[in-house]
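Visitor: The structure that follows is given in the form of C-alpha coordinates.
The values are calculated or read from the model by the stated rules, or taken from the named source; none is laboratory data. Remember, predicted model here, so these are calculated numbers, not experimental data. Methodologically, a virtual Cβ is constructed for each residue, glycine included, from the backbone with ideal geometry; neighbour enumeration extends over all protein chains shown.
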Amino acid sequence: MKARLMMVGAGLSGAVLARQCAQAGYDVTVVDARPHVAGNCHTARDADTGVMVHTYGPHIFHTDDDGVWDYVQRFATFMPYKNQVKTTVAGKVYSLPVNLHTINQFFGTAMRPDEARDFVAAQTSDIPDPQTFEEQALAFVGPDLYAAFFKGYTEKQWGTSPSNLPASILKRLPLRFNYDDNYFFHRHQGMPRDGYTALVAQILDHPGITVKLETVFDPAEADQWDHVFWSGPLDGFFDYKLGRLGYRTLDFELFRADGDWQGCAVMNHPDADVAHTRISEHKHFAPWENHDKSVLYREFPRACGPDDIPYYPIRLAEEKSLLADYVALAETASNVTFVGRLGTYRYLDMDVTIREALDLADTFLAARTAGTPAPRFSKAPL
(Lines give C-alpha, C1' and ligand atoms only; values in the text may rest on other atoms or scores of the structure.)
Protein backbone atom coordinates (compact mmCIF):
# COMPACT_ATOMS: atom_id res chain seq x y z
CA MET A 1 0.00 0.00 0.00
CA LYS A 2 1.09 3.55 -0.66
CA ALA A 3 2.12 5.56 2.39
CA ARG A 4 -0.63 7.92 3.55
CA LEU A 5 0.44 11.47 4.38
CA MET A 6 -1.55 14.19 6.12
CA MET A 7 -0.90 17.86 5.37
CA VAL A 8 -2.54 20.11 7.96
CA GLY A 9 -3.03 23.46 6.26
CA ALA A 10 -3.64 24.30 2.60
CA GLY A 11 -1.34 27.29 2.50
CA LEU A 12 1.91 27.44 0.57
CA SER A 13 3.76 25.03 2.87
CA GLY A 14 1.09 22.35 2.76
CA ALA A 15 0.41 22.74 -0.96
CA VAL A 16 4.04 22.51 -2.05
CA LEU A 17 4.77 19.58 0.26
CA ALA A 18 1.62 17.80 -0.92
CA ARG A 19 2.54 18.28 -4.57
CA GLN A 20 6.11 17.06 -4.19
CA CYS A 21 5.07 13.99 -2.19
CA ALA A 22 2.17 13.16 -4.52
CA GLN A 23 4.50 13.34 -7.50
CA ALA A 24 6.73 10.86 -5.68
CA GLY A 25 3.82 8.40 -5.47
CA TYR A 26 2.35 9.08 -2.03
CA ASP A 27 -1.34 9.42 -1.22
CA VAL A 28 -1.72 12.87 0.34
CA THR A 29 -4.68 14.35 2.17
CA VAL A 30 -4.70 18.10 2.76
CA VAL A 31 -7.08 19.55 5.34
CA ASP A 32 -7.76 23.17 6.23
CA ALA A 33 -10.16 24.69 8.76
CA ARG A 34 -10.98 27.57 6.41
CA PRO A 35 -13.36 27.35 3.42
CA HIS A 36 -10.56 28.13 0.94
CA VAL A 37 -7.00 27.18 0.08
CA ALA A 38 -3.95 29.51 0.11
CA GLY A 39 -3.99 30.44 3.79
CA ASN A 40 -3.25 34.08 4.50
CA CYS A 41 -2.34 34.79 0.87
CA HIS A 42 -5.90 33.96 -0.20
CA THR A 43 -7.29 36.26 -2.91
CA ALA A 44 -10.85 36.61 -4.17
CA ARG A 45 -12.79 38.82 -6.59
CA ASP A 46 -14.94 41.44 -4.91
CA ALA A 47 -18.51 40.89 -6.12
CA ASP A 48 -19.39 44.59 -6.40
CA THR A 49 -16.26 45.93 -8.11
CA GLY A 50 -14.51 42.94 -9.69
CA VAL A 51 -11.29 43.93 -7.88
CA MET A 52 -9.01 41.07 -6.85
CA VAL A 53 -8.79 41.46 -3.08
CA HIS A 54 -5.97 40.20 -0.88
CA THR A 55 -8.31 39.04 1.86
CA TYR A 56 -5.76 38.88 4.68
CA GLY A 57 -3.63 41.82 3.62
CA PRO A 58 -1.25 42.59 0.74
CA HIS A 59 1.09 39.90 -0.57
CA ILE A 60 3.73 40.77 -3.18
CA PHE A 61 5.90 37.98 -4.56
CA HIS A 62 9.62 38.75 -4.66
CA THR A 63 12.66 36.49 -4.67
CA ASP A 64 16.24 35.99 -5.76
CA ASP A 65 15.74 32.22 -5.73
CA ASP A 66 15.66 31.12 -9.37
CA GLY A 67 14.36 27.68 -8.43
CA VAL A 68 11.39 29.11 -6.53
CA TRP A 69 10.65 31.59 -9.31
CA ASP A 70 10.67 28.80 -11.88
CA TYR A 71 8.48 26.66 -9.61
CA VAL A 72 5.65 29.18 -9.14
CA GLN A 73 5.61 29.99 -12.85
CA ARG A 74 4.76 26.34 -13.55
CA PHE A 75 1.39 26.93 -11.91
CA ALA A 76 0.51 30.56 -12.68
CA THR A 77 1.21 33.42 -15.05
CA PHE A 78 3.05 36.14 -13.17
CA MET A 79 2.67 39.76 -14.16
CA PRO A 80 5.38 42.37 -13.52
CA TYR A 81 4.73 44.31 -10.34
CA LYS A 82 6.85 46.88 -8.51
CA ASN A 83 5.97 47.59 -4.88
CA GLN A 84 6.08 51.37 -4.52
CA VAL A 85 4.93 52.27 -1.02
CA LYS A 86 4.03 55.80 0.04
CA THR A 87 3.73 57.22 3.54
CA THR A 88 1.86 60.20 4.96
CA VAL A 89 3.77 62.01 7.70
CA ALA A 90 2.46 65.22 9.31
CA GLY A 91 0.22 65.92 6.32
CA LYS A 92 2.86 65.32 3.64
CA VAL A 93 3.38 62.31 1.38
CA TYR A 94 6.81 60.68 0.94
CA SER A 95 8.07 57.59 -0.85
CA LEU A 96 9.37 54.47 0.85
CA PRO A 97 11.76 52.91 1.41
CA VAL A 98 13.70 55.97 2.54
CA ASN A 99 15.58 57.06 -0.56
CA LEU A 100 17.20 60.18 -1.98
CA HIS A 101 13.83 61.71 -2.87
CA THR A 102 12.53 61.06 0.66
CA ILE A 103 15.62 62.63 2.24
CA ASN A 104 15.65 65.70 0.01
CA GLN A 105 11.92 66.27 0.41
CA PHE A 106 11.94 65.77 4.18
CA PHE A 107 14.87 68.11 4.81
CA GLY A 108 14.03 70.60 2.03
CA THR A 109 17.31 70.01 0.24
CA ALA A 110 18.57 69.03 -3.22
CA MET A 111 21.52 66.84 -2.30
CA ARG A 112 23.37 64.50 -4.60
CA PRO A 113 23.84 60.87 -3.50
CA ASP A 114 27.26 61.42 -1.93
CA GLU A 115 26.08 64.57 -0.15
CA ALA A 116 23.01 62.83 1.22
CA ARG A 117 25.07 59.87 2.41
CA ASP A 118 27.41 62.18 4.32
CA PHE A 119 24.45 64.22 5.63
CA VAL A 120 22.65 61.19 7.05
CA ALA A 121 25.89 59.71 8.42
CA ALA A 122 26.49 62.92 10.36
CA GLN A 123 23.12 62.52 12.08
CA THR A 124 23.44 58.87 13.04
CA SER A 125 24.55 57.68 16.46
CA ASP A 126 27.77 55.73 16.89
CA ILE A 127 26.38 52.42 18.13
CA PRO A 128 28.80 49.67 17.05
CA ASP A 129 26.49 46.74 17.76
CA PRO A 130 22.83 47.85 17.89
CA GLN A 131 20.70 45.46 19.91
CA THR A 132 17.26 47.05 19.73
CA PHE A 133 15.12 48.42 16.92
CA GLU A 134 15.60 51.94 18.26
CA GLU A 135 19.38 51.62 18.48
CA GLN A 136 19.47 50.22 14.96
CA ALA A 137 17.33 53.09 13.67
CA LEU A 138 19.48 55.76 15.34
CA ALA A 139 22.58 54.15 13.87
CA PHE A 140 20.85 53.67 10.51
CA VAL A 141 19.08 56.97 9.74
CA GLY A 142 19.46 59.24 12.77
CA PRO A 143 16.79 60.68 15.09
CA ASP A 144 14.74 62.81 12.66
CA LEU A 145 14.06 60.19 9.99
CA TYR A 146 13.53 57.59 12.71
CA ALA A 147 10.92 59.70 14.50
CA ALA A 148 9.09 60.54 11.27
CA PHE A 149 9.01 57.23 9.40
CA PHE A 150 9.71 54.39 11.83
CA LYS A 151 8.92 55.09 15.48
CA GLY A 152 5.14 55.57 15.40
CA TYR A 153 4.53 52.86 12.81
CA THR A 154 6.57 50.36 14.81
CA GLU A 155 4.85 51.18 18.10
CA LYS A 156 1.45 50.61 16.49
CA GLN A 157 2.55 47.47 14.63
CA TRP A 158 4.09 45.74 17.64
CA GLY A 159 2.26 47.34 20.57
CA THR A 160 5.47 48.16 22.38
CA SER A 161 8.34 50.64 22.35
CA PRO A 162 10.96 50.10 19.62
CA SER A 163 13.49 49.97 22.46
CA ASN A 164 11.96 46.60 23.39
CA LEU A 165 12.22 45.12 19.89
CA PRO A 166 15.23 43.38 18.33
CA ALA A 167 17.40 45.22 15.82
CA SER A 168 16.82 42.46 13.26
CA ILE A 169 13.34 43.81 12.44
CA LEU A 170 14.82 46.98 10.94
CA LYS A 171 17.91 45.40 9.39
CA ARG A 172 15.90 43.95 6.52
CA LEU A 173 14.64 47.39 5.40
CA PRO A 174 16.69 49.21 2.75
CA LEU A 175 18.06 52.77 2.78
CA ARG A 176 18.87 54.13 -0.67
CA PHE A 177 20.88 57.14 -1.76
CA ASN A 178 19.35 57.24 -5.23
CA TYR A 179 15.80 57.76 -6.49
CA ASP A 180 14.89 54.07 -6.62
CA ASP A 181 11.55 53.66 -4.84
CA ASN A 182 11.16 49.92 -5.48
CA TYR A 183 10.48 48.58 -1.98
CA PHE A 184 12.18 45.27 -2.75
CA PHE A 185 15.59 44.63 -4.26
CA HIS A 186 15.04 41.09 -5.54
CA ARG A 187 15.59 40.19 -9.20
CA HIS A 188 12.21 38.48 -9.57
CA GLN A 189 9.10 40.43 -8.59
CA GLY A 190 5.52 39.98 -9.66
CA MET A 191 1.91 39.08 -8.99
CA PRO A 192 0.03 35.97 -10.12
CA ARG A 193 -2.38 37.25 -12.76
CA ASP A 194 -5.32 35.26 -11.43
CA GLY A 195 -4.48 35.62 -7.74
CA TYR A 196 -2.71 33.50 -5.16
CA THR A 197 -5.65 31.20 -4.51
CA ALA A 198 -5.63 30.11 -8.15
CA LEU A 199 -1.88 29.51 -7.88
CA VAL A 200 -2.24 27.30 -4.80
CA ALA A 201 -5.22 25.48 -6.30
CA GLN A 202 -3.09 24.57 -9.32
CA ILE A 203 -0.28 23.29 -7.09
CA LEU A 204 -2.84 21.08 -5.33
CA ASP A 205 -4.34 19.83 -8.59
CA HIS A 206 -2.88 16.32 -8.66
CA PRO A 207 -4.61 12.91 -8.65
CA GLY A 208 -2.62 11.89 -5.60
CA ILE A 209 -3.95 14.80 -3.52
CA THR A 210 -7.29 14.98 -1.72
CA VAL A 211 -8.27 18.38 -0.31
CA LYS A 212 -10.80 18.71 2.51
CA LEU A 213 -11.77 22.26 3.48
CA GLU A 214 -13.60 23.39 6.61
CA THR A 215 -12.01 20.41 8.30
CA VAL A 216 -10.21 20.60 11.63
CA PHE A 217 -7.49 18.02 12.23
CA ASP A 218 -7.22 16.50 15.69
CA PRO A 219 -3.55 15.98 16.64
CA ALA A 220 -4.64 12.95 18.66
CA GLU A 221 -5.25 11.25 15.29
CA ALA A 222 -1.67 11.72 14.07
CA ASP A 223 -0.83 8.07 14.62
CA GLN A 224 -3.45 7.08 12.05
CA TRP A 225 -1.18 8.43 9.29
CA ASP A 226 2.22 7.38 8.08
CA HIS A 227 3.37 10.96 8.58
CA VAL A 228 1.79 14.31 9.44
CA PHE A 229 3.01 17.74 8.32
CA TRP A 230 1.61 20.37 10.67
CA SER A 231 1.53 23.99 9.44
CA GLY A 232 -0.76 25.20 12.20
CA PRO A 233 0.49 26.93 15.36
CA LEU A 234 3.22 24.93 17.08
CA ASP A 235 1.61 25.46 20.49
CA GLY A 236 -1.79 24.56 19.04
CA PHE A 237 -0.63 21.03 18.21
CA PHE A 238 -0.12 20.49 21.94
CA ASP A 239 -3.41 22.20 22.86
CA TYR A 240 -1.47 25.14 24.33
CA LYS A 241 -0.59 23.03 27.37
CA LEU A 242 2.46 25.18 28.19
CA GLY A 243 0.75 28.48 27.41
CA ARG A 244 0.23 30.47 24.21
CA LEU A 245 3.01 31.87 22.06
CA GLY A 246 2.55 35.58 21.41
CA TYR A 247 1.43 36.98 18.06
CA ARG A 248 0.17 40.25 16.66
CA THR A 249 -3.02 40.13 14.63
CA LEU A 250 -4.75 42.60 12.31
CA ASP A 251 -8.24 44.06 12.12
CA PHE A 252 -9.30 45.22 8.64
CA GLU A 253 -11.74 48.08 8.13
CA LEU A 254 -13.27 47.82 4.65
CA PHE A 255 -14.40 50.86 2.71
CA ARG A 256 -15.16 51.50 -0.94
CA ALA A 257 -14.78 54.45 -3.26
CA ASP A 258 -15.44 55.55 -6.80
CA GLY A 259 -12.44 56.02 -9.05
CA ASP A 260 -8.94 56.08 -7.59
CA TRP A 261 -8.99 56.90 -3.85
CA GLN A 262 -5.30 57.20 -2.89
CA GLY A 263 -3.34 56.69 -6.12
CA CYS A 264 -1.17 53.81 -4.87
CA ALA A 265 -1.48 50.29 -3.55
CA VAL A 266 -0.18 50.98 -0.03
CA MET A 267 -0.08 54.20 1.98
CA ASN A 268 1.61 53.96 5.37
CA HIS A 269 0.47 56.14 8.26
CA PRO A 270 3.23 56.27 10.89
CA ASP A 271 1.88 59.29 12.80
CA ALA A 272 1.17 58.24 16.37
CA ASP A 273 -2.20 60.06 16.43
CA VAL A 274 -3.53 57.92 13.52
CA ALA A 275 -4.86 54.60 14.79
CA HIS A 276 -4.22 52.52 11.66
CA THR A 277 -0.81 51.65 10.27
CA ARG A 278 -1.64 51.69 6.57
CA ILE A 279 -4.36 51.74 3.91
CA SER A 280 -4.25 49.31 0.99
CA GLU A 281 -6.13 50.00 -2.26
CA HIS A 282 -6.38 46.61 -3.87
CA LYS A 283 -7.00 47.40 -7.52
CA HIS A 284 -3.48 48.81 -7.65
CA PHE A 285 -2.09 45.33 -6.95
CA ALA A 286 -3.27 44.42 -10.47
CA PRO A 287 -2.29 47.42 -12.63
CA TRP A 288 -3.00 45.41 -15.80
CA GLU A 289 -6.73 45.52 -14.90
CA ASN A 290 -9.16 48.44 -15.08
CA HIS A 291 -11.86 49.08 -12.48
CA ASP A 292 -14.12 52.09 -12.07
CA LYS A 293 -14.56 51.50 -8.35
CA SER A 294 -12.16 50.70 -5.56
CA VAL A 295 -11.87 48.44 -2.51
CA LEU A 296 -9.71 49.61 0.38
CA TYR A 297 -8.76 48.42 3.85
CA ARG A 298 -7.41 50.22 6.88
CA GLU A 299 -5.21 47.98 9.02
CA PHE A 300 -5.25 48.04 12.82
CA PRO A 301 -2.67 45.81 14.57
CA ARG A 302 -3.34 44.50 18.07
CA ALA A 303 -2.51 41.64 20.39
CA CYS A 304 -3.70 38.29 19.08
CA GLY A 305 -6.38 36.56 21.13
CA PRO A 306 -7.31 32.85 21.17
CA ASP A 307 -9.94 33.29 18.43
CA ASP A 308 -7.91 35.63 16.20
CA ILE A 309 -5.79 34.88 13.14
CA PRO A 310 -2.09 34.99 14.14
CA TYR A 311 -0.03 37.11 11.75
CA TYR A 312 3.31 38.17 13.24
CA PRO A 313 5.23 36.10 15.82
CA ILE A 314 6.51 38.44 18.53
CA ARG A 315 9.65 36.44 19.44
CA LEU A 316 10.76 38.58 22.38
CA ALA A 317 12.58 37.06 25.36
CA GLU A 318 9.45 35.70 27.06
CA GLU A 319 8.16 34.13 23.83
CA LYS A 320 11.54 32.62 22.98
CA SER A 321 11.70 30.97 26.38
CA LEU A 322 8.27 29.42 25.86
CA LEU A 323 9.20 28.52 22.29
CA ALA A 324 12.23 26.58 23.56
CA ASP A 325 9.92 24.56 25.79
CA TYR A 326 7.61 23.78 22.86
CA VAL A 327 10.56 22.81 20.65
CA ALA A 328 11.67 20.36 23.33
CA LEU A 329 8.12 18.99 23.49
CA ALA A 330 7.97 18.69 19.71
CA GLU A 331 11.12 16.59 19.72
CA THR A 332 9.25 13.99 21.76
CA ALA A 333 6.41 13.75 19.23
CA SER A 334 6.60 10.96 16.70
CA ASN A 335 5.44 10.95 13.12
CA VAL A 336 5.07 14.75 12.86
CA THR A 337 7.01 17.51 11.11
CA PHE A 338 6.25 21.15 11.95
CA VAL A 339 6.41 23.46 8.96
CA GLY A 340 5.85 27.01 7.79
CA ARG A 341 5.31 30.31 9.55
CA LEU A 342 3.12 28.99 12.37
CA GLY A 343 4.70 25.58 12.75
CA THR A 344 8.17 27.07 13.24
CA TYR A 345 7.04 30.37 14.84
CA ARG A 346 8.99 32.53 12.40
CA TYR A 347 8.09 35.37 10.05
CA LEU A 348 8.53 34.01 6.51
CA ASP A 349 8.20 35.61 3.11
CA MET A 350 6.37 33.54 0.52
CA ASP A 351 9.49 32.59 -1.43
CA VAL A 352 11.25 31.36 1.71
CA THR A 353 8.14 29.35 2.64
CA ILE A 354 8.19 27.65 -0.75
CA ARG A 355 11.95 27.04 -0.66
CA GLU A 356 11.74 25.43 2.78
CA ALA A 357 8.84 23.23 1.65
CA LEU A 358 10.72 22.09 -1.45
CA ASP A 359 13.84 21.32 0.56
CA LEU A 360 11.86 19.54 3.26
CA ALA A 361 10.12 17.40 0.67
CA ASP A 362 13.50 16.28 -0.69
CA THR A 363 14.77 15.55 2.82
CA PHE A 364 11.60 13.68 3.81
CA LEU A 365 11.54 11.53 0.66
CA ALA A 366 15.22 10.68 1.07
CA ALA A 367 14.62 9.73 4.71
CA ARG A 368 11.71 7.47 3.74
CA THR A 369 13.87 5.75 1.16
CA ALA A 370 16.68 5.29 3.66
CA GLY A 371 14.37 4.25 6.49
CA THR A 372 15.61 7.06 8.72
CA PRO A 373 13.50 9.48 10.81
CA ALA A 374 12.01 12.54 9.13
CA PRO A 375 13.12 15.94 10.42
CA ARG A 376 11.03 17.40 13.24
CA PHE A 377 11.00 20.91 11.76
CA SER A 378 11.27 22.29 8.24
CA LYS A 379 13.67 24.82 9.79
CA ALA A 380 14.86 25.03 13.37
CA PRO A 381 12.72 27.64 15.18
CA LEU A 382 15.58 28.78 17.43
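Visitor: Given the options 10, 22, 18, name the one that is closer than 25 Å to residue 368 by Cβ, touching a residue at least 24 places away in the same chain (Cβ under 8 Å) and assigned to a loop (DSSP other than H, G, I, E, B).
Guide: Only one candidate passes the filter, namely 10.
Visitor: Continuing with the same structure: Here's a check for you: in the range 61-104, which residue that is among the aromatic types (Phe, Trp, Tyr) and assigned to a strand (DSSP E or B) is surrounded by the most Cβ atoms within 10 Å (Cβ to Cβ)?
Guide: Result: 61.
Visitor: Could you grab me the full set of residues in the range 6-50 that are buried (at least 24 other Cβ atoms within 10 Å of the Cβ) and over 21 Å from residue 72 (Cβ atoms)?
Guide: 8
Visitor: Turning to a different aspect of this structure: Looking at (1) modelled with pLDDT of 95 or more; (2) in a loop (DSSP other than H, G, I, E, B); (3) under 24 Å from the mean Cα position of the chain (by Cα); (4) of a type in the set (A, V, I, L, M, F, W, C), find the lone condition where residue 177 falls short.
Guide: Of everything listed in (1) modelled with pLDDT of 95 or more; (2) in a loop (DSSP other than H, G, I, E, B); (3) under 24 Å from the mean Cα position of the chain (by Cα); (4) of a type in the set (A, V, I, L, M, F, W, C), residue 177 misses just condition (3).
Visitor: For the range 325-348: of the residues being among the hydrophobic types (A, V, I, L, M, F, W, C) and within 30 Å of residue 58 (Cα to Cα), which is surrounded by the fewest Cβ atoms within 10 Å (Cβ to Cβ)?
Guide: Restricting to residues being among the hydrophobic types (A, V, I, L, M, F, W, C) and within 30 Å of residue 58 (Cα to Cα), the top hit is 348.
Visitor: If you scan the range 344-382, which residues turn out to be among the basic types (Lys, Arg) and assigned to a loop (DSSP other than H, G, I, E, B)?
Guide: Of everything in the range 344-382, those that are among the basic types (Lys, Arg) and assigned to a loop (DSSP other than H, G, I, E, B) turn out to be 346, 376, 379.
Visitor: Inspect all residues belonging to the range 143-151 and state whether any of them is basic (Lys, Arg), modelled with pLDDT of 95 or more and over 20 Å from the mean Cα position of the chain (by Cα).
Guide: The answer is yes; a qualifying residue exists.
Visitor: Run down 351, 359 and say which single residue is crowded, with 20+ Cβ neighbours inside 10 Å and of a type in the set (Asp, Glu).
Guide: Just a single option satisfies the conditions, and that option is 351.
Visitor: Is it the case that the range 322-342 has a residue that's under 17 Å from residue 26 (Cβ atoms), among the small types (Gly, Ala, Ser) and either modelled with pLDDT under 95 or in a helix (DSSP H, G or I) (or both)?
Guide: Scanning the range 322-342, I find no residue that is under 17 Å from residue 26 (Cβ atoms), among the small types (Gly, Ala, Ser) and either modelled with pLDDT under 95 or in a helix (DSSP H, G or I) (or both), so the answer is no.
Visitor: Taking the range 193-236 as the region of interest, how many residues are closer than 23 Å to residue 307 by Cα, in contact with a strand residue (DSSP E or B) (Cβ under 7 Å, 6 or more places away or on another chain) and crowded, with 17+ Cβ neighbours inside 10 Å?
Guide: 6
Visitor: Which one is nearest to the chain's Cα centre (by Cα) among residues in the range 253-306 that are part of a loop (DSSP other than H, G, I, E, B), over 21 Å from residue 92 (Cβ atoms) and among the charged types (D, E, K, R)?
Guide: It comes out as 289.
Visitor: Quick check on my filter: what residues within the range 213-247 are outside any loop (DSSP other than H, G, I, E, B) and under 24 Å from residue 72 (Cβ atoms)?
Guide: Passing the criteria: 213, 229, 230.
Visitor: Only residues that are in a helix (DSSP H, G or I) and touching a helix residue (DSSP H, G or I) at 6+ places or on another chain (Cβ under 8 Å): list them for the range 105-121, please.
Guide: Selection gives 106, 107, 113, 116, 119, 120.
Visitor: What pairs come out if I take residues in the range 118-141 that are farther than 17 Å from residue 173 by Cβ and pair them with residues that are among the hydroxyl-bearing types (Ser, Thr, Tyr) whose C-beta lies under 8 Å away, six or more apart or interchain?
Guide: Pairs that qualify, where the first residue is farther than 17 Å from residue 173 by Cβ and the partner is among the hydroxyl-bearing types (Ser, Thr, Tyr), are 119/109.
Visitor: Please work out which residue is surrounded by the fewest Cβ atoms within 10 Å (Cβ to Cβ), limiting yourself to the range 279-302 and to residues that are out of contact with any His (no Cβ under 6 Å at 6 or more places or on another chain) and of a type in the set (D, E, K, R).
Guide: Across the range 279-302, the extreme among qualifying residues is 292.
Visitor: Please indicate, with yes or no, whether at least one residue in the range 246-256 is over 27 Å from residue 45 (Cα atoms) and either surrounded by 13 or more Cβ atoms within 10 Å (Cβ to Cβ) or assigned by TED's automatic domain parsing to the domain that holds residue 155 (or both).
Guide: Yes, that holds for at least one residue.
Visitor: Moving on to the next point. Could you tell me which of the residues 259, 305 is surrounded by fewer than 17 Cβ atoms within 10 Å (Cβ to Cβ), on the phi > 0 side of the Ramachandran plot and in contact (Cβ under 8 Å) with a residue 24 or more places away in the chain?
Guide: Among 259, 305, only 259 is surrounded by fewer than 17 Cβ atoms within 10 Å (Cβ to Cβ), on the phi > 0 side of the Ramachandran plot and in contact (Cβ under 8 Å) with a residue 24 or more places away in the chain.
Visitor: Looking at (1) of a type in the set (Phe, Trp, Tyr); (2) closer than 27 Å to residue 110 by Cα; (3) touching a helix residue (DSSP H, G or I) at 6+ places or on another chain (Cβ under 6 Å), which is the one condition that is false for residue 230?
Guide: That leaves (2) as the condition not met.
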